[in-house]
Amino acid sequence: MGCATALSLAERGARDIVVLERAVPGAEASSAAAGILGAQLEGEGPGEEVDLFRRARSRYREWAEMLRKETGIDVGHKQCGALQVAFDERASAILEARVAWQKKADLVAELVDGRGARVIEPALSDRVICAAHFPEEAQVDPRALLRALVAAIARRTGITIRSGVTVQRLLLEDARCVGVQLDDSELRADATVLAAGAWSSLIPGVPASVPEVKPMRGQLVQLDERPPSVRAIVFGEGGYVVPRGDGRVVCGSTMELVGYRREVTASGLASILTRALTLVPSLGQAQVGPAWSSFRPFASARLVGKSPLAGLFLATGHHRNGILLARETGEHVAEAVLTSS
Ligand SMILES: Cc1cc2nc3c(=O)[nH]c(=O)nc-3n(C[C@H](O)[C@H](O)[C@H](O)COP(=O)(O)OP(=O)(O)OC[C@H]3O[C@@H](n4cnc5c(N)ncnc54)[C@H](O)[C@@H]3O)c2cc1C
């Protein structure tokens, strides 16, 4: 969120933008994510949210192309489609209702039986009886995305990234945020954007009226199939598999409120792999690759734009959809900053 906002600010002509990062940009959730641009998998019903998700997804290709042209980095944007699957009648009825409201909302969605689903994704389990097919769902490779964003920032004039610098607190003067206190210096600013992900509520000075952002741990494991066989994102049974197209298949995930404990746990891995193999049994033969975890910034609502404190803007609380919403948030926050100051 910090990088995307900085880039949007620069695109709108702002200068003297500084991205402050205690580690390196992309050290946390944004590189750890699975990278599903899941407008229809994540949309919970018709309305503004799914419209935002759909707009974000449809504008991603252009963003990926812009980043590739500027930096030479391919962020792995693919419209690979997604199947949300059901193994029993109860889950089928839920999918049927989902496809019905999505069609009404002019989203491209189709209900298929098990056989139809296996035509779309031959690697799918024989036990799948029904699936919702969302052919416009897409993915990016979040690590590549973060590399590209950082490289794009490095090429722009007017933005500096300061890595290895921890924000200790907000600087407050006359009921206004005027910058931040760093380890051994102050950085004063006309506008300060809070984009500290799952750590956003830990920064002293953030008004108490801003909803708390909690760390929702998610674990992931990468499998390696050679040759690649899975083509579509498969979602169901509380898990998902995301084939990158080159044999890497990212399997996720857990949703755990365990504070900032960064473990990849035995039970986490067991549940992720059990679900992945239930969805796509042939993954049982894949090589096990790296496993990792990070923290989704979980809040009662996304926190984007002006805050109750003058001079402070919010770009946090995106929970499961921060990769999908990065550009939209960056643009929204940049507009808020530039129209308020
Ligand atoms: C397992 C998992 C799977 C996910 N899958 C998807 C997905 O498929 N699709 C999707 O759209 N989203 C997904 N997400 C969600 C997405 O990753 C997040 O919503 C998004 O990355 C949040 O971005 P952010 O910039 O707010 O947080 P982060 O990327 O965590 O960035 C916050 C940064 O702030 C820095 N920071 C914190 N405190 C300070 C401080 N005091 N001083 C300086 N720097 C500080 C941190 O070091 C960190 O780099 C997933 C998340 C996880 C964990």
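Quick check: is even one residue across region 305-326 in contact (Cβ under 8 Å) with a residue 40 or more places away in the chain, part of a helix (DSSP H, G or I) and within 17 Å of residue 6 (Cβ to Cβ)?
yes
Read through the list (1) free of Cβ contacts under 8 Å to residues at least 60 places away in the same chain; (2) charged (D, E, K, R); (3) not in a helix (DSSP H, G or I), then give the number of the only condition that residue 275 fails.
Exception for residue 275: condition (3).
I'd like the residue in region 239-270 that is part of a strand (DSSP E or B) and surrounded by fewer than 20 Cβ atoms within 10 Å (Cβ to Cβ) and, out of all such residues, is nearest to the chain's Cα centre (by Cα).
256
Just give me the residues in region 173-195 being out of contact with any helix residue (DSSP H, G or I) (no Cβ under 7 Å at 6 or more places or on another chain) and within 16 Å of the ligand (Cβ to nearest atom), in sequence order.
177, 179, 180, 181, 182, 183, 184, 185, 186, 187, 189, 192 - these are the residues of region 173-195 that are out of contact with any helix residue (DSSP H, G or I) (no Cβ under 7 Å at 6 or more places or on another chain) and within 16 Å of the ligand (Cβ to nearest atom).
Would a scan of region 323-337 turn up a residue that is in contact with a Lys or Arg (Cβ under 9 Å, 6 or more places away or on another chain), farther than 30 Å from residue 190 by Cα and hydrophobic (A, V, I, L, M, F, W, C)?
Checking region 323-337: not a single residue is in contact with a Lys or Arg (Cβ under 9 Å, 6 or more places away or on another chain), farther than 30 Å from residue 190 by Cα and hydrophobic (A, V, I, L, M, F, W, C).
Kindly provide the set of residues from region 169-221 that are among the polar types (S, T, N, Q), surrounded by fewer than 17 Cβ atoms within 10 Å (Cβ to Cβ) and under 26 Å from the mean Cα position of the chain (by Cα), ordered by number.
209
Consider residue 115 carefully, then state whether it is closer than 21 Å to residue 323 by Cβ and surrounded by fewer than 15 Cβ atoms within 10 Å (Cβ to Cβ).
no
Name the residue that is surrounded by the fewest Cβ atoms within 10 Å (Cβ to Cβ), counting only residues in region 30-63 that are of a type in the set (Ser, Thr, Tyr) and near the ligand (Cβ under 8 Å from one of its atoms).
Top of the filtered list is 31.
Assuming residue 230 fulfils every condition listed in (1) among the hydrophobic types (A, V, I, L, M, F, W, C); (2) in a loop (DSSP other than H, G, I, E, B); (3) farther than 29 Å from residue 95 by Cβ apart from one, which condition is it?
(3)
Test residue 27 against the criterion of being in a loop (DSSP other than H, G, I, E, B), open to solvent by 20 Å² or more (accessible area, probe 1.4 Å), within 12 Å of the ligand (Cβ to nearest atom) and hydrophobic (A, V, I, L, M, F, W, C), and give yes or no.
So residue 27 passes the test.
Mind telling me which of the residues 333, 337 ends up being farther than 20 Å from residue 61 by Cβ and away from the ligand (no atom under 14 Å from the Cβ)?
After ruling out the rest, the residue left standing is 337.
Any idea how many residues of region 289-341 are over 13 Å from the mean Cα position of the chain (by Cα) and aromatic (Phe, Trp, Tyr)?
Residues flagged as over 13 Å from the mean Cα position of the chain (by Cα) and aromatic (Phe, Trp, Tyr) within region 289-341 amount to 2.
The values are calculated or read from the model by the stated rules, or taken from the named source; none is laboratory data. These figures come from a predicted structure and were not determined experimentally. When we count neighbours, we look across all protein chains shown, and the Cβ atoms used for this are built from the backbone with ideal geometry, even at glycine. Quick note on the areas: whole protein, heavy atoms, side chains included, nothing else; ligands and nucleic acids left out. Shrake-Rupley method; radii C 1.70, N 1.55, O 1.52, S 1.80 Å.
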